[in-house]
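The values are calculated or read from the model by the stated rules, or taken from the named source; none is laboratory data. Just so you know, these numbers come straight off a predicted model, no measurement behind them. Cβ sites come from the backbone with ideal geometry, for glycine too, and all protein chains shown count toward neighbours. Just so you know, the surface numbers come from the protein's heavy atoms only, side chains and all, with ligands and any DNA or RNA stripped out. Shrake-Rupley method; radii C 1.70, N 1.55, O 1.52, S 1.80 Å.
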Amino acid sequence: LEALEYRGYDSAGVAVFHDGKVSVVRATGKLIELKKKLAEETSTSFKGGQLGIGHTRWATHGRPTENNAHPHTSGRISLIHNGIIENYTDLRRDLESRGYEFLSDTDTEVAAHLLQSLVVTGKSPLDAMRELCRRVRGSYAFLAIDSEYPDRILVAKNSTPIILGCGEHESFIASDIPALLPHTRSIIVLEDGDLAEVKTDSIRIEN
């Protein structure tokens, strides 16, 4: 996340899977504030987690508050997003009518709830992400964790940069190359319409 600070941001957060659950920590302000909160965490999740996602946010929907910071969580799903969901008002209205409670003012929380509503129907995580992308209008780079499938990170891209990195028994995802250079020189640039399922030793991409 520090390698991407040049893009500007007003809040940050991480979600890490460890020992059967996902733990989320978010903070407003610079990354030093997130570091402080992580240092105070007694959970072993942030020390021994095998999978995680992190995000620095520049407010587009809602003020820079902790509730509006990413990742957003809904049931099994933790999700981060770069971009703007243009039809989020209609999607939010539909989800609220089905009992989903919103804790933020962001368009991104709509995507988290919608993905959760799809995985609980029995769809595979990748099928659910594909259906999410069918329903969403706008620009996005989505990353999501499903706590029932903790061996993978789901990725989708449209009009917002996202790249994948291949390491030795490890895989990486970022919005720009500088974040990955300390870890790998083997990089895949996703195209608009691509979906990916990223695991430790494999990366599956489809369009």
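Descriptive notes on the structure:
- In sequence order, calculated HN-Hα J values of the stretch 198-207 (Karplus, 6.51, -1.76, 1.60; Hz; x Gly/Pro): 9, 10, 4, 10, 7, 10, 10, 10, 9, 10
- Proximal aspartates and glutamates to Lys36, defined as alpha-carbon separation beneath 20 angstrom and excluding residues fewer than eight positions away on the same chain: Glu2, Glu5, Asp10, Glu66
- Cβ-Cβ FRET estimate between Glu96 and Arg130, R0 fixed at 22 Å, reported to 0.05: 0.40
- Site pair Glu40 and Trp58 shows an inter-label distance of 2.9 nm when each label is modelled 7 Å from Cα along Cα→Cβ.
- Lys157 sits among other residues whose Cβ lies under 12 Å from its own Cβ, and their net charge, with Lys and Arg +1 and Asp and Glu -1, is -4.
- The chain: radius of gyration and largest Cα-Cα distance (Dmax), Å: 15.8, 47
- In the chain, helices alone account for a calculated mean residue ellipticity at 222 nm of -6500 deg cm²/dmol, with every DSSP H run of four or more residues adding -39,500 (n - 2.57).
- Surface per residue (accessible, 1.4 Å probe) for the stretch 110-173, Å²: 36 Å²
- Packing-based ranking of 76-82, 34-40 yields 76-82, 34-40, ordered from highest to lowest mean Cβ neighbour count within 10 Å.
- A simple packing score, the average count of other Cβ atoms within 10 Å per residue, orders the peptides 166-173, 108-115 as 108-115, 166-173, with the highest score first.
- Between the beta carbons of Ser147 and Asp192, assuming R0 = 45 Å, the FRET efficiency works out to 0.95 to the nearest 0.05.
- Compactness index (Cα Rg / 2.2 N^0.38 Å), the stretch 147-197: 1.15
- Assigned charges on the beta-carbon of Lys, Arg, Asp, Glu; the stretch 34-150 dipole about Cα centre (debye): 240 debye
- Fraction of the pair-distance distribution of the stretch 50-166 above 18 Å, Cα-Cα pairs, percent: 46 percent
- Calculated FRET value between Glu2 and Glu86, using beta carbons and R₀ = 41 Å, to 0.05: 0.85
- What a 1.4 Å probe finds exposed on the chain is 47% carbon and sulfur by accessible area, rounded to a whole percent.
- Coordinate range along principal axes, alpha carbons of the stretch 121-207, Å, largest first: 38, 28, 18
- For a paramagnetic label modelled on Lys199 (point 7 Å from Cα along Cα→Cβ), amide N atoms under 14 Å away belong, within the stretch 167-191, to 169-171.
- In this Cβ point-charge picture (+1 for Lys and Arg, -1 for Asp and Glu), the stretch 115-207 has a dipole of about 320 debye about its Cα centre.
- Comparing Gly122, Gly49, Gly29 in a Gaussian network model of the chain where C-alpha atoms under 10 Å apart are linked, the largest mean-square fluctuation is found at Gly122.
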